[in-house]
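Enquirer: The structure is given below, and queries will be raised subsequently.
The values are calculated or read from the model by the stated rules, or taken from the named source; none is laboratory data. Because the structure is a prediction, the values reported are computed rather than measured. Heads up, the Cβs are rebuilt from the backbone with ideal geometry, glycines too, and the neighbour counts pull from every protein chain shown.
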């Protein structure tokens, strides 16, 4: 039995879930998200403000148990995304490192001889609070995380001076420099 899969998904008052066979449409104040569930293995039931997902067969094997928890997490992330939204914060650390938004591109000056222009997807909203703090927000948790990882990969944090792009709260293992 899946510990995560057993839990009910609580739907906020301002959001709604529509079940049409194997398709789920989740609508909220931040947007709409569509998900597909394998209806040969799982059934979903909507009771008042709670959504429950259960496997159809009585004897559950390990693979079904794993997928049960995964589907529950995906639906819960979608409900959270359309009601509150997902947000990640990046910090640039280094001399002369800065970020600006120019139209639909994120312009980064991160120590190279040229500026780097990062294309912002339509579903994602990026704001630059200071020149060294970037906030990435959106409805889809997977897309927000992917964009964050793509921006971080442009200049990974180096272990000696901790220069680069890191997520807020990310631990950087520092190394000692060379000795005489």
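Enquirer: Tell me whether segment 82-97 contains one or more residues that are part of a helix (DSSP H, G or I), surrounded by 15 or more Cβ atoms within 10 Å (Cβ to Cβ) and at pLDDT 85 or above.
Expert: yes
Enquirer: Okay, moving on. Could you figure out which of (1) surrounded by fewer than 16 Cβ atoms within 10 Å (Cβ to Cβ); (2) at pLDDT below 90; (3) assigned to a strand (DSSP E or B) isn't true of residue 100?
Expert: (2)
Enquirer: Of everything in segment 122-136, what is closer than 16 Å to residue 148 by Cβ and surrounded by fewer than 16 Cβ atoms within 10 Å (Cβ to Cβ)? Give them in sequence order.
Expert: Within segment 122-136, 123, 125, 127, 129, 132, 133, 135 qualify.
Enquirer: While we're looking at this one, here's another question. Quick one: which of 79, 157, 147 is out of contact with any helix residue (DSSP H, G or I) (no Cβ under 7 Å at 6 or more places or on another chain), outside the structural domain of residue 12 (by TED's automatic domain parsing) and within 30 Å of residue 5 (Cα to Cα)? Spell out how you get there, then give the answer.
Expert: Values: 79 fails: outside the structural domain of residue 12 (by TED's automatic domain parsing); 157 fails: within 30 Å of residue 5 (Cα to Cα).
After applying the criteria, what remains is 147.
Enquirer: Another question, if that's okay. Name the one entry in 34, 30, 40, 88 that is under 25 Å from residue 11 (Cβ atoms) and more than 20 Å from the chain's Cα centre (by Cα).
Expert: 40
Enquirer: Does residue 16 satisfy being under 23 Å from residue 63 (Cβ atoms) and not assigned by TED's automatic domain parsing to the domain that holds residue 122?
Expert: no
Enquirer: Checking the condition without any contact (Cβ under 8 Å) to a residue 40 or more places away in the chain, within 20 Å of the chain's Cα centre (by Cα), within 30 Å of residue 46 (Cα to Cα) and not in a loop (DSSP other than H, G, I, E, B), which residue from 70, 64 passes?
Expert: It is 70.
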